[in-house]
1. Could you grab me the full set of residues in region 1-23 that are touching a residue at least 60 places away in the same chain (Cβ under 8 Å), surrounded by 15 or more Cβ atoms within 10 Å (Cβ to Cβ) and not in a helix (DSSP H, G or I)?
2. Applying the selection to region 12-57, what residues are within 11 Å of the chain's Cα centre (by Cα) and among the charged types (D, E, K, R)?
3. What are the residues in region 51-81 that are within 18 Å of Asn4 (Cβ to Cβ), surrounded by fewer than 17 Cβ atoms within 10 Å (Cβ to Cβ) and of a type in the set (Ser, Thr, Tyr), if any?
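The values are calculated or read from the model by the stated rules, or taken from the named source; none is laboratory data. For clarity, every value in this text was computed on a predicted model and none was experimentally measured. Neighbour counts are summed over all protein chains in view; Cβ atoms, including those assigned to glycine, are modelled from backbone coordinates with ideal geometry.
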Amino acid sequence: MKINKFKKFTETYGEEFGVEWHGSYGGRFFHNGIAVTAESTYGIAKFVSSMEKNNINLGSWDHEDQLGYRQIFSWNTSKFNDAKKVA
């Protein structure tokens, strides 16, 4: 999976689910990932379902955290074949 493909998908379809692109994210417990923000867990679950229907096979997120009124959901950089460029 290319990060840019995931970013374009998020920018195209994310608004429908309350999801926005965040990009590179270093979270708690040494997590290093690529993230989106969402208004709710329900919205991100629907977004992941839409990803799968569009052949974006990242699976469920690997890390989540709070950002005030929004939540951040992140996938490990190891799931992206071009992650070394953003690490």
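1. The one that is touching a residue at least 60 places away in the same chain (Cβ under 8 Å), surrounded by 15 or more Cβ atoms within 10 Å (Cβ to Cβ) and not in a helix (DSSP H, G or I): Met1.
2. Hit for region 12-57 is Glu20, nothing else.
3. Ser78
Per-residue answers, yes or no, for (1) modelled with pLDDT of 90 or more; (2) touching a strand residue (DSSP E or B) at 6+ places or on another chain (Cβ under 9 Å); (3) among the small types (Gly, Ala, Ser):
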| residue | (1), (2), (3) |
| --- | --- |
| Lys5 | yes, no, no |
| Glu11 | yes, yes, no |
| Phe17 | yes, yes, no |
| Asn54 | yes, no, no |
| Trp61 | yes, yes, no |
| Trp75 | yes, yes, no |
| Lys85 | no, no, no |
